[in-house]
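Structure record follows, encoded as structure tokens.
Each value in this text was obtained by applying a stated rule to the coordinates, not by laboratory testing. Because the structure is predicted, anything quoted here is derived from the model rather than measured. So basically every Cβ, Gly included, is an ideal-geometry build from the backbone, and we count neighbours across all protein chains shown.
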Amino acid sequence: MNPRTVALGADHAGYSYKEIIRASLESEGYAVLDFGTDSEDSVDYPDFVHPAMEAIEGGKADIGIILCGTGNGVAITANKHTGIRAALCWSEEITELARQHNDANVLALPTRFISRDEALAMVNTFLSTPFEGGRHSRRVGKIPC
């Protein structure tokens, strides 16, 4: 996987991490589609996740990174979209396995339970880890209903 365009979406709890991740991605040469939110004012995460996932579905973004306090709300919302495999990750090892074994194309981060440095490390792992294919392809192929 060599994604070049990343869709970002976050609620108020994920806002500050989203900003740090966006700046890091841009400094590394990634194109970033930032679907908000743009402050720490309380908002509803689906309002930002749905447009980010639509960008991936429509081919405008290669992958996505979504953030909220627990990561659960954004992951559940994202996984309602066709072709989206959002993985809720809280460590680099989980992130690596989500890419290797599940071909995850969206990283969901629980900002209230990880540090900023951990979030950046997981983003790096997510972007640099390829899908292994093989026996995992068969399993991933059985995901859609």
Practice prompt. Please name whichever of A61, I20, V140 sits farthest to the positive end of the charge dipole of the chain, dipole taken about the Cα centre and charges placed at Cβ: Lys and Arg +1, Asp and Glu -1.
Written response: V140
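Pick out, in residue order, every one of the GluC sites (Glu not before Pro) in the range 37-145 that is DSSP loop and has at most 12 other C-beta atoms within 10 Å; say none if there are none. Don't skip to the end; give the middle numbers.
On the way: sites: E40, E54, E57, E92, E93, E96, E118, E132; in loops: E40, E132.
Sparse-neighbourhood loop GluC sites (Glu not before Pro): E40.
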Worksheet item: Normalised by the residues of the range 1-137, what does the relative contact order come to in percent, with Cα pairs under 8 Å and at least six apart?
Response: 26 percent
Worksheet item: Who wins for biggest fluctuation among V43, V32, V123 in a Gaussian network model of the chain, springs between alpha carbons below 10 Å?
Response: V43
Fill in: Cα→Cβ-extended label distance, 7 Å offset, between F113 and I143, nm
1.9 nm
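Within the chain, what's the longest stretch lacking trypsin sites (Lys or Arg not before Pro) that sit in DSSP loops with no more than 14 other Cβ atoms inside 10 Å?
Working: sites that count: R4, K60, K80, R112, K142.
Free of exposed loop sites, the longest segment is 5-59.
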Worksheet, complete the sentence: Labelled set (i) 66; (ii) 62; (iii) 50; percent of Cα pairs over 18 Å apart computed from this model equals the value at (iii)
Worksheet item: What is the helix-to-structure angle for 46-57, meaning the angle in degrees between its Cα long axis and the longest Cα principal axis of the chain, kept from 0 to 90 and rounded to the nearest 10?
Response: 40 degrees
Worksheet item: Rounded to the nearest 20 Debye, what is the dipole magnitude of the chain about its Cα centre when Lys and Arg each give +1 and Asp and Glu each give -1 at the C-beta?
Response: 740 debye
Discussion item. For a quick check: with amide H placed at 1.01 Å from N, whose amide H comes under 5 Å from L33's, ignoring anything fewer than 5 positions away on the same chain?
Written reply: V6, A7, L8
Item to complete: Excluding residues fewer than 8 places away in the same chain, name every one of the lysines whose C-alpha is closer than 23 Å to that of K142.
Response: K80
Worksheet item: Local charge sum around K60 (other residues, Cβ-Cβ under 13 Å, Lys/Arg +1, Asp/Glu -1)?
Response: -3
Fill in: With Cα atoms, 0 to 90° folded angle of helix 116-128 axis to the chain main axis
30 degrees
Fill in: Rough spin-label spacing in nm, given labels placed 7 Å along Cα→Cβ, for S39 and E132
4.7 nm
